[in-house]
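I'd like to ask you about the structure that follows.
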Amino acid sequence: MIQSQAVVYFAEVVGTGSLRKAAENLLITPSAISRQIANLEGELGAPLFNRSSRGMVLTDAGSALLRFVEESSTSIHKLRTTIDGLGNLSRGSVRLAVVEATTSDFLPRVLAGFSHDHPNIHFDVQVCGTHEIADHVSADRADIGLAFNVLGRDDLTLHSRMAQPLQIICRAGHSLAGRTKMSMSDLGDTPVALPARSFGIRYLVDQAAARAKCDLNIRYEADSLQLIKSIACASDVIAFMPPLTFESERAAGILHSIHLSDVASERSSVDVVTSRYRDLSSAARAFLSRILGAIKSL
């Protein structure tokens, strides 16, 4: 282990804000974590946490140690990337930051195919919003990002854009299921389900509604596209999603899609980005090539 056990325990307590939660995640007792943190405090000569009603709060010394841990984690990843680059994909790791829309079918299919060919490559996948993805890639917390409509940034390289025009989706028996094309102003009081504001989809929907000068009848808001799809399948609520998200449900005849007449929504895309200033490991380069190939075959 390159990082000491005590440092690993410390980072878990910071992440959870609680000895108990950290112990549950690490499958050990709270007292074992407490002993390791006490050893760290003894070695550094300063308390690392203040205990309060808000949980375990970092002291100034604790904040300094956290910065050290974050910097050393980045250095460790760079070391592993360098070592992986010396090999031939017999081992290695790839860190992905992706929008949820890619996780229904596209990304699992690409991951499965790649893992079949290279079974010893480890993947760490974070599902988050577009802005978080760009920041994760830029800050070296992810090797490859798949995000909606990434704005031009000097610190990112755009490798590919996968056209994903936003669609209105509804259950097959919905009164709108016979429509093929609609604008925001056509929706009237139809109840809708929207993702949280951290989603690129939500940004597109809000902007389209603003351009159409209409107020949506928002019945549900959720941070899960899967939940929103399930609501649309089970009720007369409609939603807005790119084709990647609901292809299997549409093919099965469960969901119907309607073209959304809005210039920006019609031009939306899922973008593949990496950091402009860091080299990818052999494993990450190979997986990036696989993603780009999968996009070309669509």
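For Arg179 and Ser53 in one chain, what is 0.36 nm times their gap in residues minus the Cα-Cα distance, to one decimal in nm?
Gain in length upon complete extension: 39.9 nm.
So, one more: Would you mind computing, in nm to one decimal, how far apart the modelled labels at Ala163 and Asp60 are, each placed 7 Å from Cα along Cα→Cβ?
About 5.9 nm separates the two model spin labels.
Could you calculate the contour length gain from Arg153 to Ser31, that is, 0.36 nm times the residue separation minus the distance between their Cα atoms, to one decimal place in nm?
In short, 39.3 nm is gained.
Going by alpha carbons, how many degrees (0 to 90, nearest 10) lie between the helix axis of 200-212 and the longest principal axis of the chain?
40
Evaluate E = 1/(1 + (r/R0)^6) for Ala264 and Ile76, where r is the Cβ-Cβ distance and R0 equals 41 Å; express this FRET efficiency to the nearest 0.05.
For R0 = 41 Å, the calculated efficiency reads 0.50.
How large is Rg over Rh for segment 5-81, taking Rg from the Cα atoms and Rh as the Kirkwood inverse mean of 1/r across Cα pairs?
Rounded to two decimals, Rg over Rh is 0.98.
One-quarter of the Cα convex hull surface for segment 86-209, in nm²?
Its average projected convex-hull area is 10.2 nm².
Within the P(r) computed for the chain, what percentage of the Cα pairs occupies the region above 32 Å?
Of all Cα-Cα pairs in the chain, 42 percent lie more than 32 Å apart.
How large is log10 I(q)/I(0) at q = 0.14, 0.20, 0.21 Å⁻¹ when the Debye formula is applied to the Cα atoms of segment 167-266, each weighted equally and without solvent?
Treating every Cα as an identical point scatterer, log10 I(q)/I(0) equals -0.44, -0.97, -1.09.
Now for a separate question. Compute the longest continuous run of the chain that contains no exposed trypsin sites (Lys or Arg not before Pro); treat a site as exposed when its DSSP state is not H, G, I, E or B and it has at most 12 other Cβ atoms within 10 Å.
55-196
Read the figures in this text as sums done on the coordinates, not as results from a lab. None of the values given here were measured: they were computed from a predicted structure. Here Cβ is always computed from backbone atoms with ideal geometry, including for glycine, and neighbour counts include all displayed protein chains.
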